[in-house]
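J.: Dumping the structure here so I can ask a few things about it.
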């Protein structure tokens, strides 16, 4: 198969999994109408997702800049730790945030100490706070990735020319941000679009209803497949519109190839040093506080965990590695094709982001039942769906770098007659290793925390760790669940770090 | 592409091996079949006498269970379903998938209940659970609405206890339900998707009270030796959750299914229920309830809408809840 055909095959497979499952669900419907509150749910969904995306990305800019141009002890560790919130299972993240911002948390203790009224985390601001907590790390990494793709020679040249900070920003950083921000914002927006547990738990009531909740209600309580399919279609339409708009807004920043020698970006001193320190300090407090709380809750409970944690962990890790490798293969293939001009694949690659896990699960269920018992497919199906769900992130991370790669080295490779696997190995992989390693790690960690499809397919002996945590919580065992959650977080981070390290190690300079 | 034929092959081999002993497929919710639920003991007990293999297939909760049955329709592998509740019965009966259970009526319920298709196996009263240190626990919904106590509840659109609460207010106040919800609005800290999130928030200290069961304090007392939790007794009465089991009309093991339903309501299975499912057994136990249950509050009045009433007013009651809280 040629590269083009392979990419088209992967694109069709992703479309089948997302759109196809919605179509199958619709095919079993008897009635087609939306519920009375679905309009309000749509408005709230768009509003919270828009706010979350905007705030996450705006806050990510100073943080990414500080990380890009400062070198300090523990910087690499900090970058890795900062990725952690994104990888947390939602329930764990919410409990971590509550430990810090909740009624009994240190923030409110401090406010009370200062004779100020306590702060409630519940409401729209709570939802946005949680979404920023979960997505700021992703936005930061995407922007940081881009920052590092500006050849350091350009900054040095700007310094040598005596450009003031404002001019440097206009000529170097702004074009770079214009290239990366639309994609980053779209990714966070789409991610928050399908928010369910965060929006409901922290939203404070039915005002904070999202489309995903309506889908859950339609599928689980009313068995109204038509309504579920309509709502899922609405999410897909939003996803397609946002992705297409992003396409038009994104301008590829062209800095030309650098020497690839790994020079460092200059570190301006003075007030800009102070600014970076403040950005780093605040981000650490905000992102690491809840993580510390989760660790503090989980550590004493490690001894109370049931023995079933370990086989569940092994299953989760196996599925995570499998789905991460699958997602990386598909993502790389699609990114290369899109960069070469097969643009329809760009929309396809983003589809899973707005796919409802519930609808995919239901569609797949209808596809295999009654020919095969769903329980026997629990783990393979989870692997495939998790790979599809992680694809948009990988793709977003790879695409800008792939475009740069083609612009910078495409003609040289062509003139040298490099093609096929050799070109992949000698030119593409070394240039793309960093985002590829990061993205694959992300995919693995996301798969570890996933609780979507497995819940519908799981049978005996296919329990994954997130499912086990849910079972523990359902049986009053909140402490054992906190211990198991800590194990899950540690395993997710370890997997993520392993892949990310591989990427950093194999990156060309 | 390799996975599908391979797993199909596995499925074939598995079913060949199982052809020796008959298999009874029991669909139930997660926490029933989990290591900590009544499932393992009931499976062991039943398999000792049935010369069969009992297999649990699980879905998240009662509502997911019903959704799964509806997805599978008449081709479902299920022989028995354990874990629907009275608020879902009307919808379950309307599927036409269930057959008459043919078992004698259970005698341990606080209110008479008999249904041809659905056999109760345990029950509980919904209640607001709080710490004993709470100075003035409310005595009614109106009391609660007038107080500045903070509560966490579950969403009736995604959780069976959440739906039970909406039915409770409806059964107690009828047309005044909307007004009660409007009064409760400022007491509700948040609404969670399921029971465990709400209970977790309460244990973390985010609220004074949480919607759960009168039997929840028994878990803390018996399993954790923690006697700090209790439930508030409400004067208007407490709504009942009666959990039921049913036999599928399309079952390929009707005799085993009958035997299982008989076992489920027998002393052996019923005695497992209180300290695994943390609910009351549907038939009185010869040895009485486990020690610790005598400390629980005993509501003077039990509320329950008939399954026809519950089925007919569910959508309107949820809409009323939503309208009152969304303002």
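The values are calculated or read from the model by the stated rules, or taken from the named source; none is laboratory data. Every value quoted in this text rests on a predicted model; they were computed, and no experiment measured them. Neighbour counts run over all protein chains shown; Cβ positions are idealised from the backbone, glycine included.
J.: How many residues, within segment B:179-194, are in contact with a strand residue (DSSP E or B) (Cβ under 8 Å, 6 or more places away or on another chain), outside any loop (DSSP other than H, G, I, E, B) and more than 7 Å from every other protein chain (Cβ to nearest Cβ)? Spell out how you get there, then give the answer.
T.: The initial filter retains those residues of segment B:179-194 that are in contact with a strand residue (DSSP E or B) (Cβ under 8 Å, 6 or more places away or on another chain), namely B:184, B:187-194.
Restricting the remaining residues to those that are outside any loop (DSSP other than H, G, I, E, B) gives B:184, B:187-192.
Pick out the ones that are also more than 7 Å from every other protein chain (Cβ to nearest Cβ) and you get B:184, B:187.
Total meeting the criteria: 2.
J.: Which helices (runs of 4 or more DSSP H) sit wholly inside segment A:71-165 and have at least 3 residues that are under 18 Å from the mean Cα position of the chain (by Cα) and within 14 Å of chain B (Cβ to nearest Cβ)? Lay out the reasoning, then the answer.
T.: On the way: elements: A:75-82, A:84-87, A:90-101, A:106-113, A:124-149, A:152-160.
Answer list for segment A:71-165: A:90-101, A:124-149.
J.: Looking only at residues that are surrounded by fewer than 24 Cβ atoms within 10 Å (Cβ to Cβ) and out of contact with any strand residue (DSSP E or B) (no Cβ under 9 Å at 6 or more places or on another chain) in segment A:195-209, which one is nearest to the other protein chains (Cβ to nearest Cβ)?
T.: Applying the filter and picking the extreme gives A:207.
J.: Follow-up. Tell me which residues, restricted to segment A:213-240, are assigned to a helix (DSSP H, G or I) and at the interface with another protein chain (Cβ under 10 Å from one of its Cβ atoms). Even if it seems obvious, please write down each step before you answer.
T.: Here is the first cut: in segment A:213-240, the residues assigned to a helix (DSSP H, G or I) are A:213-221, A:225-240.
Correct list: A:213, A:214, A:216, A:217, A:218, A:219, A:220, A:221, A:225.
J.: Scan (1) within 14 Å of chain A (Cβ to nearest Cβ); (2) in contact (Cβ under 8 Å) with a residue 40 or more places away in the chain; (3) under 30 Å from residue A:203 (Cα atoms) for the single condition residue B:223 breaks and write down its number.
T.: (3)
J.: Give segment B:32-69 a look and list any residue that's under 20 Å from residue B:163 (Cβ atoms) and surrounded by fewer than 19 Cβ atoms within 10 Å (Cβ to Cβ), or say none.
T.: The answer is none; no residue qualifies.
J.: Here are the criteria: (1) assigned to a helix (DSSP H, G or I); (2) modelled with pLDDT under 95; (3) out of contact with any strand residue (DSSP E or B) (no Cβ under 7 Å at 6 or more places or on another chain). Tell me which single one residue B:218 does not satisfy.
T.: The single condition residue B:218 does not satisfy is (2).
Here's the yes/no breakdown for (1) surrounded by fewer than 20 Cβ atoms within 10 Å (Cβ to Cβ); (2) closer than 15 Å to residue B:248 by Cβ; (3) touching a residue at least 24 places away in the same chain (Cβ under 8 Å):
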| position | (1), (2), (3) |
| --- | --- |
| B:74 | yes, yes, yes |
| B:77 | yes, yes, yes |
| B:85 | no, no, yes |
| B:91 | no, no, yes |
| B:96 | yes, yes, yes |
| B:107 | yes, no, yes |
| B:116 | yes, yes, no |
| B:138 | no, no, yes |
| B:144 | no, no, yes |
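J.: May I pose another question? If I filter segment B:229-255 down to residues being within 14 Å of another protein chain (Cβ to nearest Cβ) and either farther than 20 Å from residue B:65 by Cβ or in contact with a helix residue (DSSP H, G or I) (Cβ under 8 Å, 6 or more places away or on another chain) (or both), which single residue comes out as surrounded by the fewest Cβ atoms within 10 Å (Cβ to Cβ)? Spell out how you get there, then give the answer.
T.: Just the residues of segment B:229-255 that are within 14 Å of another protein chain (Cβ to nearest Cβ), to begin with: B:229, B:248, B:250, B:252.
Filter once more, so that each one left must be either farther than 20 Å from residue B:65 by Cβ or in contact with a helix residue (DSSP H, G or I) (Cβ under 8 Å, 6 or more places away or on another chain) (or both): B:229, B:248, B:250.
Values: B:229: 20, B:248: 23, B:250: 17.
Filtering first and then ranking leaves B:250.
Yes or no, residue by residue, for (1) within 30 Å of residue B:74 (Cα to Cα); (2) modelled with pLDDT under 95; (3) not assigned by TED's automatic domain parsing to the domain that holds residue B:269:
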{"position": "B:102", "(1), (2), (3)": "yes, yes, no"}
{"position": "B:114", "(1), (2), (3)": "yes, yes, no"}
{"position": "B:129", "(1), (2), (3)": "no, no, yes"}
{"position": "B:140", "(1), (2), (3)": "no, no, yes"}
{"position": "B:146", "(1), (2), (3)": "no, no, yes"}
{"position": "B:149", "(1), (2), (3)": "no, no, yes"}
{"position": "B:158", "(1), (2), (3)": "yes, yes, yes"}
{"position": "B:165", "(1), (2), (3)": "no, no, yes"}
{"position": "B:172", "(1), (2), (3)": "no, no, yes"}
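J.: Would you tally the residues in segment A:25-45 being closer than 19 Å to residue A:126 by Cα and free of Cβ contacts under 8 Å to residues at least 40 places away in the same chain?
T.: The number of residues fulfilling the criteria is 1.
J.: Do we find that residue A:168 is closer than 26 Å to residue B:59 by Cα and more than 14 Å from every other protein chain (Cβ to nearest Cβ) in this structure? If you could, list the steps in order and put the result at the bottom.
T.: Values: closer than 26 Å to residue B:59 by Cα: no; more than 14 Å from every other protein chain (Cβ to nearest Cβ): yes.
Considered against the rule, which asks whether it is closer than 26 Å to residue B:59 by Cα and more than 14 Å from every other protein chain (Cβ to nearest Cβ), residue A:168 comes out as no.
J.: Tally time: how many residues in segment B:293-319 are within 14 Å of another protein chain (Cβ to nearest Cβ) and surrounded by fewer than 20 Cβ atoms within 10 Å (Cβ to Cβ)?
T.: First pass over segment B:293-319, keeping only residues within 14 Å of another protein chain (Cβ to nearest Cβ): B:310-311, B:314-319.
Now drop any that are not surrounded by fewer than 20 Cβ atoms within 10 Å (Cβ to Cβ), which leaves B:311, B:315-316, B:319.
Selection size over segment B:293-319: 4.
J.: Restricted to segment A:1-14, and to residues that are crowded, with 17+ Cβ neighbours inside 10 Å and in contact with a helix residue (DSSP H, G or I) (Cβ under 6 Å, 6 or more places away or on another chain), which residue is farthest from residue A:235 (Cα to Cα)?
T.: Looking at the filtered set, the residue picked out is A:7.
J.: Restricting to segment B:38-74, what's the tally of residues that are in contact with a helix residue (DSSP H, G or I) (Cβ under 8 Å, 6 or more places away or on another chain) and outside any helix (DSSP H, G or I)?
T.: The total comes to 10.
J.: Can I ask one more? Looking only at helices (runs of 4 or more DSSP H) that fall completely inside segment B:246-327, which ones have 3 or more residues that are under 26 Å from residue B:214 (Cβ atoms)? Steps first, please.
T.: Values: elements: B:254-264, B:267-270, B:307-326.
The helices (runs of 4 or more DSSP H) meeting that bar are B:267-270, B:307-326.
J.: Among the residues of segment B:55-110, what is the count of those that are within 10 Å of chain A (Cβ to nearest Cβ) and on the phi > 0 side of the Ramachandran plot?
T.: Number satisfying all stated conditions: 1.
J.: Residues that are over 23 Å from residue A:86 (Cα atoms) and away from chain B (no Cβ under 14 Å), at least 2 per element: which helices (runs of 4 or more DSSP H) completely within segment A:290-385 meet that?
T.: Values: elements: A:309-339, A:344-354, A:357-368.
Of the helices (runs of 4 or more DSSP H) lying wholly inside segment A:290-385, those with at least 2 residues that are over 23 Å from residue A:86 (Cα atoms) and away from chain B (no Cβ under 14 Å) span A:309-339, A:344-354.
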